[in-house]
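The values are calculated or read from the model by the stated rules, or taken from the named source; none is laboratory data. Source: prediction; values computed, not measured. Positions of Cβ are backbone-derived with ideal geometry, glycine not excepted, and every protein chain shown enters the neighbour counts.
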Amino acid sequence: MRFIFAGFGGQGVMLMGQILAYAGMIEGKNVTWMPSYGPEMRGGTANCTVVVSDEPVASPVVDKAETVVAMNIPSMIKFQNFLVENGYFFLNKSVIDREPDKKEDIKIYKIECNEIADKLGNLKVANMVMLGAVIGATKIVSKESVFKALEKKLTGKKAELIELNKKAIEEGMKKVSEQ
């Protein structure tokens, strides 16, 4: 399955992609992760592509994707036409206040990432809320593999955020199951 994660720099789109790719590796799948940054690290646009497959992956370049995650309006506009038929389109409803142009033959999930993260006590976990929604809908990797990937990625001072990130992932999974 091919994924595009996109948003403003600082929204954690790279981490979402890294965690998903790492979880795929933990499960013995073939994976690629390729970042792309805009002119600024914080506030500029950022996106990454992830491919998770049982087969060898020929290229990390994704021009069509089964799953697109847009954390902001510019990302929704830029990547909506990358979705294949029956693809998954995840929108951060906290930031995106409009409908995508592409609505036919795709599954759209609108997740209030910022509000859910705020209720958990830290807006920085909005990305993990969205990641939870993605894995809850696509079932590409297990929650347990994602949790293991988090533990490998968040080390040192960041290790104290592991439990909060796990809660955020579970909230995202719960939210997508309600839609």
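Go over the candidates ILE135, ILE116, ILE96 one by one and state the one that is within 15 Å of ILE4 (Cα to Cα) and touching a residue at least 12 places away in the same chain (Cβ under 8 Å).
After applying the criteria, what remains is ILE135.
Would you tally the residues in the stretch 1-46 being crowded, with 24+ Cβ neighbours inside 10 Å, modelled with pLDDT under 95 and either among the polar types (S, T, N, Q) or over 19 Å from LEU91 (Cα atoms) (or both)?
1
Out of the residues in the stretch 77-96 that are of a type in the set (A, V, I, L, M) and over 13 Å from the mean Cα position of the chain (by Cα), state the one that is nearest to GLY10 (Cα to Cα).
Per the criteria, the residue is VAL95.
Please enumerate the residues belonging to the stretch 146-155 that are under 20 Å from ASP54 (Cα atoms) and buried (at least 21 other Cβ atoms within 10 Å of the Cβ).
VAL146, ALA149, listed by residue number.
Given the conditions (1) part of a loop (DSSP other than H, G, I, E, B); (2) over 17 Å from GLU178 (Cβ atoms), which single one is not true for ASN114?
Answer for ASN114: the failing condition is (1).
Please give the number of the condition GLU104 fails out of (1) in contact with a helix residue (DSSP H, G or I) (Cβ under 9 Å, 6 or more places away or on another chain); (2) assigned to a loop (DSSP other than H, G, I, E, B).
Status for GLU104: all satisfied but (1).
State whether one or more residues within the stretch 159-166 are of a type outside the set (D, E, K, R), under 12 Å from the mean Cα position of the chain (by Cα), part of a helix (DSSP H, G or I) and buried (at least 16 other Cβ atoms within 10 Å of the Cβ).
Within the stretch 159-166, not a single residue is of a type outside the set (D, E, K, R), under 12 Å from the mean Cα position of the chain (by Cα), part of a helix (DSSP H, G or I) and buried (at least 16 other Cβ atoms within 10 Å of the Cβ).
Give me a count of the residues in the stretch 59-75 that are free of Cβ contacts under 8 Å to residues at least 60 places away in the same chain and crowded, with 20+ Cβ neighbours inside 10 Å.
Adding up the residues that qualify gives 0.
Mind listing whichever residues of the stretch 56-76 are within 17 Å of VAL13 (Cα to Cα) and out of contact with any Phe, Trp or Tyr (no Cβ under 9 Å at 6 or more places or on another chain)?
Scanning the stretch 56-76 gives VAL61, ILE73.
For the stretch 97-140, enumerate the residues that are closer than 16 Å to ALA70 by Cα, crowded, with 21+ Cβ neighbours inside 10 Å and either over 15 Å from the mean Cα position of the chain (by Cα) or among the β-branched types (Val, Ile, Thr) (or both).
ILE111, VAL125, VAL129, VAL134, ILE135
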